[in-house]
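Heads up, the thing below is written out as C-alpha cells.
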Amino acid sequence: MAPVLEVSGLSTVFHTRRGLVRAVQDVSFSVNAGETLAIVGESGCGKTITALSLMRLIPQPPGEIVSGSVKVDGTDLLKLSEPEMRKMRGSKIAMIFQEPMTALNPLMTVGKQIAEMVMLHDGASKQVARDRAVEMLHHVRIPEPARRAREYPHQMSGGMRQRAMIAMALACKPKVLVADEPTTALDVTIQAQILDLIGDLQKEFGTAVVLITHDLGVVAEVAQRVVVMYAGRKVEEAAVGDLFAHPLHPYPRGLLGSIPRVGSARGLDVSPDERLREITGMVPALNDLPPGCAFAPRCSLADAKCHAQVPPFELKQPDHFAACWQA
Amino acid sequence: MSATISHSFWNNVSYNARRYPLGVAGGIIMIVFVLAAIFASAVAPLDPFNTNAKASLAAPGPVYLMGADMMGRDVFSRLIHGARVSLAVALGATIIGSGIGCAVGLACGYIGGWFDLLVQRVTEVMQALPLLVMALVITASLGPSLRNTIVAIAIPLIPTVARVIRSNVLSLREMPYVEAAKATGMSEWRIAIIHVLPNTLAPLIVLATAQLGSTILTEASLSFLGLGVPEPYPSWGRMLSESAAEYVRTAPWLVIYPGLAISLVVFGSNLLGDALRDALDPRQRD
C-alpha cells in the first residue's frame, strides 16, 4: 500500500533580523491510510512549523519552505499554485488546532462554519451543507446536533468546541488530518475522549493522521509510529512500542526518563533509578545551532565527534532510525 | 419555513427590546424623527416657507407652537421640514463615510505593505485638517446642494473609520479562527468578508453613532457659512446658527428648539447604537 502522505527532505526557514532561522531541516516521513504518526519534541523544536508547512500556511515572508516535497496521494503540495493549494486544504488535507476556544469565529453559528466549508469544497447547496454539518456534529458525538449546530461557539465547552473543530476538519473527508496539539488545552478526561474520537473517526474514514504533541502519554495511546524532533531535525523514528521500549537517541531517552509515574518518588527511600530525571540545559537557538549534533551540549554521552559533525539519520535496528553517533 | 423565520425574528426583537430598554427609547426617538421627516408636509401644521411680518419673533403659543422666527415663519413646521435635511445629511454622510472608511481600513489591514503605507499617509494628511475645514473646501469646490453637502461631510469621516477598522483588522487577522479558516481552504478575501469584517462591527457602530452627531453640527456650520443646503430650505443647523447670536436673549425659542432637536437625535442614535452593538454580539445573549 502506497502511503497517503509522503514528506521528504522538508526544510523551512525564517528570514529574521537576527539571521536565518532553520526551523525545520530535512524532515521526511510517510503515513499510510488509517495510520497515526506522532511528531514529538519540546517547545520550539519545529513541530508546529512542520505541521504548518504541510498545510502551506507558513507566513511568507518571513517564512519560506526552501526544499522538499509534501505528497498527498502522489500530488506534491509544494508545487501547486496558491488557488490549487486552497482546493486541497480542507478537502484533501485538513488541520485541527491547539486552541479550541478561539479557533471558531465567535459571531457565526457552529453549524454555519462547518457548512461554509462543505459549500466551498463540494459545491453543495446551503441545505445539503447544513444537513452535512449536523451529520458531522452527530459523528463527533455532540448530543442534539441539530440544536447545537444553531449555537454559537461561546455556548459550547472547550471539549465540545474541539469536537466541532474535528467535525469541520473531517466534513469533506480529507485523506490527511494534521492535528497540532489537539488536546493540550483540554483537561485530562476530555483529552482521552477527544483522542478516542479521532481514533474512531480515523478508522471510519481511513484518514491518515499526523499528530503533533509534546505529551508522550498521548503518543503511547494513539500513535503507531513516532518521529522525535529536536532543534528542527528528526532525531529518531520508530514504531511506538519499539521507541518506548528501547529509545536509541539520548534525547528521547531523556524525555522518557522525565515522565513522572504514579507511585514513583513517593518517599525518601527511592532508588536512584526511580528518581525523576531531567534533561539539563536549554534548547539551542535555531539561528545559532552548534556545528555538530544539536543535542551534544546537553548530552552526557557526547564526545568530540558529536560536537564537530552532524550525525546522519540512519537505520540502526530493523525499522528503527536515529541520528546519533553513539547509538 | 418563512413563517418560522419571521416568528423567531420577532421573538428575537421582543427579547432584545426587553433586554435593552434604553435602546428601545433611542429607537423610538429615531423612528419619530424619521417619520416626521418623511411625512413632513402632512405633519407640519403651517407652511415652513410662509413669511408673516406680524408674527415676527412671535413667542410660542397656540398658533406658533414653538414660536416664529424673524420673518414670522413657524419654528415647529420648519423643524419638521428641517429634519429631512438634517437626517439625510447625518445618515447619508455617516453611512457613506463609514462604508468607504470600512472598505479602506479592511483593504489596508489585509493587503498591508506599500499600499497600507501609502493610504495611511494620505489619511494622516486628511486628519491633519479639521473636519469643518475639509468639508468647507469640498463644498466650496462642488457648489452648495444637498448631495454635495453629504459628500463634503462624508469624505472627512473616512480617515477615522479607516484607521479604527485597520487596527482592528490587524489584530483580528492573527486570530486562530482566521488561520483555521485558511486551513479549510478559504480564500483571503472570503475570510476578510465573512470572518474579519463582522468582527469589526462593534467598534464601527460605536464610531458611526458618535459621528452622526458631529455630521449634523458640521452641516450647521456649513449652512452658517452659506455653503450648506441652500435657502430657503430649513435645516436644524442653520436655524440654530442664523439666530444664535442675535436672538438668544430676545427670542430664545429660536435657539432652544433646534438645539433640542439636534441633541435628541444625537442622544437617540447613541442609545440605539449601544444597544445594537450589544444585541448583535452573540456572546452577549443567553
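The values are calculated or read from the model by the stated rules, or taken from the named source; none is laboratory data. Fair warning: this is a prediction, and the values are worked out from it, not measured in the lab. Methodologically, a virtual Cβ is constructed for each residue, glycine included, from the backbone with ideal geometry; neighbour enumeration extends over all protein chains shown.
Restricting attention to the stretch B:67-96 and to residues that are touching a Leu at 6+ places or on another chain (Cβ under 7 Å) and among the aliphatic types (A, V, I, L, M), the residue that is nearest to B:Ile216 (Cα to Cα) turns out to be B:Ala90.
Quick check: is even one residue across the stretch B:201-219 of a type outside the set (Ser, Thr, Tyr), in a helix (DSSP H, G or I), over 29 Å from B:Ser86 (Cβ atoms) and at pLDDT 85 or above? Checked the stretch B:201-219: no residue is of a type outside the set (Ser, Thr, Tyr), in a helix (DSSP H, G or I), over 29 Å from B:Ser86 (Cβ atoms) and at pLDDT 85 or above. Just so you know, in the stretch B:195-232 the residues that are under 15 Å from the mean Cα position of the chain (by Cα) and hydroxyl-bearing (Ser, Thr, Tyr) include one that is nearest to the other protein chains (Cβ to nearest Cβ), and it is B:Thr209. Among the residues of the stretch A:68-76, none qualifies, meaning not one is facing another protein chain (nearest Cβ under 8 Å), closer than 30 Å to A:Glu6 by Cβ, surrounded by 15 or more Cβ atoms within 10 Å (Cβ to Cβ) and of a type outside the set (A, V, I, L, M, F, W, C). Restricting to the stretch A:152-173, name every residue that is in a loop (DSSP other than H, G, I, E, B) and closer than 21 Å to A:Leu120 by Cα. Of everything in the stretch A:152-173, those that are in a loop (DSSP other than H, G, I, E, B) and closer than 21 Å to A:Leu120 by Cα turn out to be A:Tyr152, A:Ala171, A:Cys172, A:Lys173. Just to be sure before I move on: is B:Arg166 charged (D, E, K, R), crowded, with 19+ Cβ neighbours inside 10 Å and within 23 Å of the chain's Cα centre (by Cα) in the structure I sent? Yes: the conditions hold for B:Arg166. Only residues that are within 30 Å of A:Leu177 (Cα to Cα) and surrounded by 18 or more Cβ atoms within 10 Å (Cβ to Cβ): list them for the stretch B:195-228, please. Of everything in the stretch B:195-228, those that are within 30 Å of A:Leu177 (Cα to Cα) and surrounded by 18 or more Cβ atoms within 10 Å (Cβ to Cβ) turn out to be B:His195, B:Val196, B:Leu197, B:Asn199.
The set of residues in the stretch B:180-194 being more than 11 Å from chain A (Cβ to nearest Cβ) and either aromatic (Phe, Trp, Tyr) or surrounded by fewer than 17 Cβ atoms within 10 Å (Cβ to Cβ) (or both) consists of B:Trp189, B:Ile193. If you check B:Ala90, B:Ala58, B:Ala83, B:Ala36 for being surrounded by 15 or more Cβ atoms within 10 Å (Cβ to Cβ) and either outside any helix (DSSP H, G or I) or not hydrophobic (A, V, I, L, M, F, W, C) (or both), only one passes: B:Ala58.
Taking the residues in the stretch B:233-285 that are of a type in the set (A, V, I, L, M) and within 23 Å of B:Ser145 (Cβ to Cβ) as candidates, determine which candidate is farthest from the other protein chains (Cβ to nearest Cβ). Per the stated criteria, the residue is B:Met239. Set side by side, the residues A:Gly34, A:Gly44 differ, and just one is under 30 Å from A:Glu204 (Cα atoms), under 16 Å from the mean Cα position of the chain (by Cα), assigned to a loop (DSSP other than H, G, I, E, B) and not polar (S, T, N, Q), which is A:Gly34. Out of the stretch A:76-127, which residues are part of a helix (DSSP H, G or I) and among the small types (Gly, Ala, Ser)? Selection gives A:Gly111, A:Ala115. Checking each residue of the stretch B:104-127 against the condition of being in a loop (DSSP other than H, G, I, E, B) and in contact with a strand residue (DSSP E or B) (Cβ under 7 Å, 6 or more places away or on another chain) gives no match.
Being more than 14 Å from chain B (Cβ to nearest Cβ) and out of contact with any His (no Cβ under 6 Å at 6 or more places or on another chain) is a property that holds for A:Val7.
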